[in-house]
Amino acid sequence: MKKILVRVLLVLLVAALGFGSFVYYMVHNSTSQIYSYNKKTNKSSDDKTASKKSVAYLLLGTDTGELGRSYKGRTDTMIVVVVNPKSKTTTMVSVPRDTKIDFDDVTIKINAAYSYGSSATAMSAVEKLLDIKLDGYLLVNMKGLEQLVDAVGGVTVTSPLTFTTEGKSYVKNESTNLNGSEALAFSRMRHEDPQGDYGRQMRQQLVLAGVIAKLKKNPTTVVSSGFLEAVGKNVRTDISLGSVKNLASDYRPASDNIKSDQLHGTSQNIDGQSFEVMSDSEITRVHNAIEQAVTAK
């Protein structure tokens, strides 16, 4: 009898909540997909966000269209993101996809670490390269970026150079509003940029900063059906919902000040492949920049 009463009360509660129950369903559905292939979350992130300490995550962007893809792909976008609630800053450091690393005694490009293993493998490769500790990862595919931008109502970016791609023109230092497909094209263009992949990395950071700005301006967007669907289909992570809740409630001021950096190397052809080779001094510089971003007060 007690079980029957509980069920009746639950039905009445769902009916009373109306839209709220729909939101709960969408959140549950999207999070079930996010963690569908990896039930383990990163305890390091939980411990730090509960104590309002700085966290460092790795944002991975695959070169494929859907996470239900027929091939795994590589992580052509790799950005270390440090969120510091004390200094109220977010620091983004891009790692070039062609960075030369040694992986199981084989020389590979760092963007291939994911295809050889998993998101955790890619995270370990970045940790080893820069001698840092990361607190988790977020894996997003190209289609996901497009849908996330559309879900937040588009983004505004200031182009660092003048160029035209896929029918849309950009002027240096002028702000432009982009929808999802335009943001994807803006962040992927490489050959017309005199800085090549390094220029593309900075434009990827601009789009990411644009999404952060929109979410800060309209925080209720995160419970919209479009946003939750885009996240559920295209994002995978080991950052728990508890950490996400802590970040949303205690770390928001950090999005007011976003700093950008990138690991710079020299282009070398090794055994017929083009690599970006990092000097010890550059690795030390970026290591120190990330550590300073973590410890700043």
### Message
So, restricting to helices (runs of 4 or more DSSP H) that lie completely within segment 48-153, which ones have at least 3 residues that are modelled with pLDDT under 95 and open to solvent by 30 Å² or more (accessible area, probe 1.4 Å)?
### Response
142-151
### Message
Quick check on segment 154-164: of everything there that is assigned to a loop (DSSP other than H, G, I, E, B) and on the phi < 0 side of the Ramachandran plot, which residue is most open to solvent (accessible area, probe 1.4 Å)?
### Response
THR162
### Message
Would you confirm whether or not segment 231-241 contains a residue that is surrounded by fewer than 18 Cβ atoms within 10 Å (Cβ to Cβ), within 25 Å of LYS88 (Cα to Cα) and of a type in the set (Gly, Ala, Ser)?
### Response
no
### Message
If a residue must be open to solvent by less than 50 Å² (accessible area, probe 1.4 Å) and of a type in the set (S, T, N, Q), how many such residues does segment 194-230 contain?
### Response
5
### Message
Every residue in segment 30-47 that is at pLDDT below 90 and surrounded by 14 or more Cβ atoms within 10 Å (Cβ to Cβ), please.
### Response
SER30, THR31, GLN33, ILE34, TYR35, ASN38, THR41, ASN42
### Summary
If we take segment 190-297, then helices (runs of 4 or more DSSP H) inside it with 2 or more residues that are over 30 Å from ASN173 (Cβ atoms) are 225-234, 241-250, 280-295
### Query
Is it true that some residue in segment 165-178 is open to solvent by 30 Å² or more (accessible area, probe 1.4 Å), without any contact (Cβ under 8 Å) to a residue 24 or more places away in the chain and in contact with an Asp or Glu (Cβ under 6 Å, 6 or more places away or on another chain)?
yes
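The values are calculated or read from the model by the stated rules, or taken from the named source; none is laboratory data. For clarity, every value in this text was computed on a predicted model and none was experimentally measured. Ideal geometry is used to build each Cβ from the backbone, glycine not excepted, and the neighbour counts take in all protein chains shown. With ligands, DNA and RNA removed, areas are computed over all heavy atoms of the protein, side chains included. Shrake-Rupley method; radii C 1.70, N 1.55, O 1.52, S 1.80 Å.
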